[in-house]
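The values are calculated or read from the model by the stated rules, or taken from the named source; none is laboratory data. Computed from a predicted model, the values in this text were never measured in an experiment. Counting neighbours? That spans all protein chains shown, and the Cβs are built from the backbone with ideal geometry, glycine included.
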Amino acid sequence: MLDAMKLRLFFVLASLIVFWGGISTCQAQAEKHVFQFSDRKQHRIEVISDSLEQHLKVRFTHRGRLMFQEPVNDSVSLDSLHYSYYMRPGGKLNEGLDLNYLSFWHEGLLVVLYDEWSAFESAHYCGVRFFDARMEKKEEWSADRKTIKGSLINLRDWDGLSRIDRLFMD
């Protein structure tokens, strides 16, 4: 009798684990990574959209632990996020540029994700910059080039994402 109860309890627990694991897998599949990278200090920054591309969020983690997410509430769509870009076509001779920025305020700091390409330097730079209220740069986390996936360029076509005429070049 006791063995039968243990067996039932085992199956109930196993079913719950499979059930809850299935839900989290479905939620993860509903998220699409637009842009992501890690730095050398194991910070991971992800720009994530829902499958319908109606919501966008930026998630910061450190060694697998959530540091913060913007917007905090999923019901807030794109109000707090601002996108800006500048593109100058041309190769090395024309010093072609493609500069892309996604910015938002978090705890008194302006947080700016950047995705920059320079034809003259033949270089691609990504990372995040933190500015204080006086627009003085406080800190910068540069992306480890091997970890960059996606691009902020994909946000150019997003309806509802506010555009600003501000470049955050270093």
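Ile148 satisfies every condition listed in (1) of a type in the set (Val, Ile, Thr); (2) within 12 Å of the chain's Cα centre (by Cα); (3) modelled with pLDDT under 95 except (3). Per this entry, Met135 is counted among residues that are modelled with pLDDT under 90, in a loop (DSSP other than H, G, I, E, B), on the phi > 0 side of the Ramachandran plot and out of contact with any Gly (no Cβ under 9 Å at 6 or more places or on another chain). Residue check: Glu107 meets all listed conditions (1) closer than 18 Å to Phe68 by Cα; (2) in contact with a strand residue (DSSP E or B) (Cβ under 6 Å, 6 or more places away or on another chain) but one, namely (2).
Selection within the range 77-125: residues that are aromatic (Phe, Trp, Tyr) and without any contact (Cβ under 8 Å) to a residue 24 or more places away in the chain. The member of this set that is nearest to Ala143 (Cα to Cα) is Tyr125.
Looking only at residues of the range 129-170 that are out of contact with any Asp or Glu (no Cβ under 7 Å at 6 or more places or on another chain) and of a type in the set (Asp, Glu), we find that the one that is surrounded by the most Cβ atoms within 10 Å (Cβ to Cβ) is Glu140.
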